[in-house]
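Notes follow the structure.
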Amino acid sequence: LGLCTVTLIASGLYLALLQISGNFHEVIPGTYYRSAQLSGPALKTYIQRYGIRTVVNLRGASPGAGWYEEEVAATHANGAGHIDFAMSAASELSVERSLELAALLRAAPKPVLVHCRAGADRTGLASVVFLQQVEGATETAAESQLSFAFGHIGLPFLKAYAMERSWEALEKSIGLKS
């Protein structure tokens, strides 16, 4: 096998492992966590283990969908709040919506758990926004959240590149170098 083939296989296995594990990560212990869509029992475990007070769902409200009903039930049964903020990994988030997201993350009772379906693209952008706009992290530290380490593949020909474009637009609007 060539190096390229081995790299592709290893990358695929890593991405599969992220999904199997729920792609859960402590970004700032006691304050901010990120994940993929979790089952009700897994969500209950994380809420209890980390004292999560707010779950932010970036997939948007989906009443009647099994995953959504299970999430809302687990969140409320374990004393956490639940916030829906609909966004798409394939569509740029406007500067106004990015600022709304920052305000929502700033105001949400901590610790907060933010998730989307895979925990890579939308959750990556939300994590960049949280770290830079709420916590005042450096641009480099914040941008590390939108990376392959969390399953995000930031290539311009992929739909999820909209998350990079969203961040670049927000950076420009707030006066950060991009």
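The values are calculated or read from the model by the stated rules, or taken from the named source; none is laboratory data. Everything numeric here is computed off the predicted structure, so don't read it as measured data. Glycine also receives a Cβ, built like all others from the backbone with ideal geometry; neighbour counts cover every protein chain displayed. With ligands, DNA and RNA removed, areas are computed over all heavy atoms of the protein, side chains included. Shrake-Rupley method; radii C 1.70, N 1.55, O 1.52, S 1.80 Å.
Overview of values
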{"item": "Hits in the stretch 30-45 (condition: open to solvent by less than 40 Å² (accessible area, probe 1.4 Å), hydroxyl-bearing (Ser, Thr, Tyr) and not in a loop (DSSP other than H, G, I, E, B))", "result": "TYR32, TYR33, SER35"}
{"item": "Members of the stretch 144-170 found to be open to solvent by less than 70 Å² (accessible area, probe 1.4 Å), under 18 Å from the mean Cα position of the chain (by Cα) and over 24 Å from LEU13 (Cβ atoms), listed by number", "result": "ALA162, GLU164, SER166, TRP167, LEU170"}
{"item": "Set SER91, SER173: member being in a helix (DSSP H, G or I) and over 26 Å from SER21 (Cβ atoms)", "result": "SER173"}
{"item": "Residue satisfying all of: in the stretch 105-143; of a type in the set (D, E, K, R) and over 10 Å from the mean Cα position of the chain (by Cα); most open to solvent (accessible area, probe 1.4 Å) among these", "result": "ARG106"}
{"item": "Some residue of the stretch 158-167 being in contact with a His (Cβ under 7 Å, 6 or more places away or on another chain) and among the charged types (D, E, K, R)", "result": "no"}
{"item": "Top-ranked residue in the stretch 54-65 [being surrounded by fewer than 16 Cβ atoms within 10 Å (Cβ to Cβ) and not hydroxyl-bearing (Ser, Thr, Tyr); ranked as farthest from the chain's Cα centre (by Cα)]", "result": "GLY64"}
{"item": "Matching option when the condition is in contact with a Ser or Thr (Cβ under 8 Å, 6 or more places away or on another chain) and either in contact (Cβ under 8 Å) with a residue 12 or more places away in the chain or not hydrophobic (A, V, I, L, M, F, W, C) (or both), among ALA126, ALA108, ALA120", "result": "ALA108"}
{"item": "Close pairs (8 angstrom Cβ cut-off, 6 or more residues apart or separate chains): open to solvent by 50 Å² or more (accessible area, probe 1.4 Å) in the stretch 1-28, in a helix (DSSP H, G or I) and at pLDDT 75 or above anywhere", "result": "LEU1/ILE9; GLU26/TYR50"}
{"item": "Near pairs, Cβ below 8 angstrom, 6+ apart or cross-chain, from the stretch 157-169 (touching a residue at least 40 places away in the same chain (Cβ under 8 Å) and among the polar types (S, T, N, Q)) to any residue that is open to solvent by less than 40 Å² (accessible area, probe 1.4 Å) and part of a loop (DSSP other than H, G, I, E, B)", "result": "SER166/LEU93"}
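One line per residue, one yes/no per condition, for (1) part of a helix (DSSP H, G or I); (2) surrounded by 14 or more Cβ atoms within 10 Å (Cβ to Cβ):
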{"position": "TRP67", "(1), (2)": "yes, yes"}
{"position": "GLU70", "(1), (2)": "yes, yes"}
{"position": "THR75", "(1), (2)": "yes, yes"}
{"position": "GLY79", "(1), (2)": "no, no"}
{"position": "ILE83", "(1), (2)": "no, yes"}
{"position": "SER98", "(1), (2)": "yes, yes"}
{"position": "ALA103", "(1), (2)": "yes, no"}
